[in-house]
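Heads up, the thing below is written out as structure tokens.
The values are calculated or read from the model by the stated rules, or taken from the named source; none is laboratory data. Not measured: the values here are computed from a predicted model. Cβ placement follows ideal geometry from the backbone for every residue including glycine, while neighbour counts extend to all protein chains displayed. Accessible surface is based on the protein model in full, side chains and every heavy atom, while ligands, DNA and RNA are left aside. Shrake-Rupley method; radii C 1.70, N 1.55, O 1.52, S 1.80 Å.
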Amino acid sequence: MTLILPALPILVPLAAAILGILAWRSLRTQFAIALAGSIAHMGVAALLLYRALNEGHVVLHVGSWRAPVGIAIVADPFGATLALMASWTGFATILHARASVDEARQRRFLFPLMSILLAGVCGAFLTGDLFNLYVWFEVLLMSSFVLLALGSARRQLQSAVTYVTLNLISSTLFLIAAGILYGLVGTLNYAHLSVKIPEAMAAGSSPLTLVAVLLALAFAIKAALFPLAFWLPAAYPTPPVAVAGLFAGLMTKVGIIALLRLTTLLFHGQDWLNDALLVAAAVTMLVGGLGTICQNEIRRTLAFSSVAQIGYACMGLAIGTPVAIAAVLLFVVHHNLVKTNQFLLVHMVERVRGTTALDQPGIRGVYSKAPLLSLVFLISALSLAGIPPLSGFVAKLALVRAGIDDRAFWVVAAAMVSSMCTLFAMARIWSEAFWREHKTAHNNEPPLPPQPRAWMLTLPTAGLLIAGVALGIFAQPAWNLCERAAQVMLDRDGYVRAVLGDAPLTPTPPTPQVPPEHATE
């Protein structure tokens, strides 16, 4: 298992998806396979992270074909942490989906599709070349499109079409850029590109600037950076909450890791690229923050706040210092825990009040009906807004510190404005939905109907809440891990040595062997 460990976070959910499809007759078996796969996924991802922290880079050359000729799967602490994050998100949302999604949708291969999406996400986190990143992007696109359209409601189909159209544009830009890049330098392996691109740019290869722009645009669409983010507010409110929680926790992180590889490994030292991403980050934070205060529906509010939060992560990767890169990882983990949990909690709010529309009187009084649910949502909302001592405060403080050290005061100001907008939006949700009293007397309200499999709803939300609170309380150990991940991420020479080793940078064909009978001729 040690030899193929870097591939296991991809292979385990992929195997769960295949077995789930084969068990198409039994929904219970499909769920059991997906849940067992997510637990095994957590185990192999945790082991991979342990090895990556000790060794720096854990590399698998598929089929024993060494890079840059063969396919390399490379796990550094950053990518391994994200793979572990994907595994716990998969476990929480798969368990929640069994109780919250109607059986008709579940029978349309909901659980195998969720497993395929997890495999695609981990593939994007751990791949060692651009071509396979494109392959995993397409796996993500296909599985996420079907999950968005599952149920075939008109609103779902509209958002799914918007989503797939914009992501097909992203894939087209990506494919064009990869083709040009291969034609210019003859490789798509990350480590090889890290050597070849600076050489080509030093020689005056101007098309490489176009490649960088195309790749940045393609990855910005995946990350939902403004003005390419309008697919996200359209997509997140429409699918079942478990699917929306899976998307909110993972989908945009794929774009973030791709942009990180672009700025730290492929086109490192290109100030114009970092400056452009810094501007995009500031505008994304402002637009997303202002969008949250204009919404009258909880899921749309959470979707716009996701856009704002992606701006924070982009701010850190654009600054590019070790502190900023460490802050990006801490922030991404925080956002995953909090935002996934908030989307899962929406189902419970809707069950209590029958609506998530803030302008409907029927939504009021959730606190009086479900005080524990209200407390969990409040803690998550305060963490998202960055109130100390919760994880959101720690992560945002680290990013602000990196911005001040880099003297990017205008970006820090945009982050502060966005954070205030998020706080206002969360306070509005709390005031309108939870704290404000319902007009109907409490003793006249009918009791809530019993919820089948209620523990499947409470266990994921409780686990995510505890993990998020622990991230704030034990911030120092978490920060030490993030610093280690940033150190390895920025060690380009170490990455090249780990992947290429003694392999020649320009592969040469093997020398033909001379038959013994002709050796003396």
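Near the amide H of residue 297, within less than 5 Å, lie the amide hydrogens of 358, all on another chain or at least 5 residues away, with H placed in the peptide plane. The packing ranking of peptides 312-322, 261-271, 24-34, highest mean first, is 312-322, 261-271, 24-34, where packing means the average number of other beta carbon atoms within 10 angstrom of each residue.
Provide the packing ranking of 160-171, 394-405, i.e. peptides ordered by the mean count of other C-beta atoms within 10 Å per residue, highest first. Spell out each step's value before the answer.
Working: 160-171: 18.2, 394-405: 21.2.
Result, highest mean first: 394-405, 160-171.
How far is helix 271-292 tilted off the main Cα axis of the chain, in degrees rounded to 10, range 0 to 90? The two axes meet at around 10 degrees. Once the whole set of protein chains is in place, how much accessible area is left on residue 378, using a 1.4 Å probe, in Å² to the nearest 10? It works out to around 50 Å².
The residues 272, 231, 65, 479, sorted by heavy-atom accessible surface at 1.4 Å with ligands and nucleic acids left out, run 65, 272, 479, 231 from largest to smallest. A straight Cα-to-Cα reach below 16 Å connects residue 396 with the aspartates and glutamates 405, 406, 483, residues fewer than 8 places away in its own chain not being considered.
Ordering 292, 280, 344 by the projection of their Cα atoms onto the charge dipole of the stretch 255-355, which places +1 on the Cβ of Lys and Arg and -1 on the Cβ of Asp and Glu, puts 344 at the extreme positive end. Shape call for the stretch 356-416 from the C-alpha gyration tensor, a ≥ b ≥ c root eigenvalues: rounded (a/c under 1.5), prolate (a/b greater than b/c) or oblate? Oblate, because a/c is 1.5 or more while a/b does not exceed b/c.
Say the dipole of the stretch 1-146 comes from +1 at the beta carbon of Lys and Arg and -1 at that of Asp and Glu; which of 50, 125, 10 then lies farthest toward its positive end? Of the listed residues, the answer is 10. Placing a pseudo-label 7 Å from each Cα along the Cα-to-Cβ vector at residue 11 and residue 459 gives an inter-label distance of 2.8 nm. Taken along the Cα-to-beta-carbon direction at a fixed 7 Å, the label points for residue 209 and residue 157 span 4.6 nm. Helix 8-22 and the long axis of the chain differ in direction by around 60°, with both axes built from C-alpha atoms. Only the Cβ atoms of Lys and Arg (+1) and of Asp and Glu (-1) were treated as charged; on that basis the dipole of the chain about its Cα centre amounts to roughly 1760 debye. Derived value for the chain: Kirkwood hydrodynamic radius 23.5 Å. Basis is the mean of 1/r over every pair of different alpha-carbon atoms.
Across q = 0.17, 0.18 Å⁻¹, the stretch 1-126 modelled as identical point scatterers on its alpha-carbon atoms has Debye log10 I(q)/I(0) values of -0.79, -0.86, in the order of the q list.
May I ask you to give the solvent-accessible area per residue for the chain, in square angstrom, as obtained with a 1.4 angstrom probe? The partial results should precede the final answer.
On the way: 20280 Å² over 521 residues.
I get 39 Å² per residue for the chain.
Helix 190-202 against the longest principal axis of the chain: what's the angle in degrees, Cα atoms only, rounded to the nearest 10? Tilt of helix 190-202: around 70 degrees.
What size of dipole, in debye to the nearest 20, comes out for the stretch 222-344 about its Cα centre when the only charges are +1 on Lys and Arg C-beta atoms and -1 on Asp and Glu C-beta atoms?
On the way: 6 positive and 3 negative charges, 59 e Å.
Dipole about the Cα centre, nearest 20: 280 debye.
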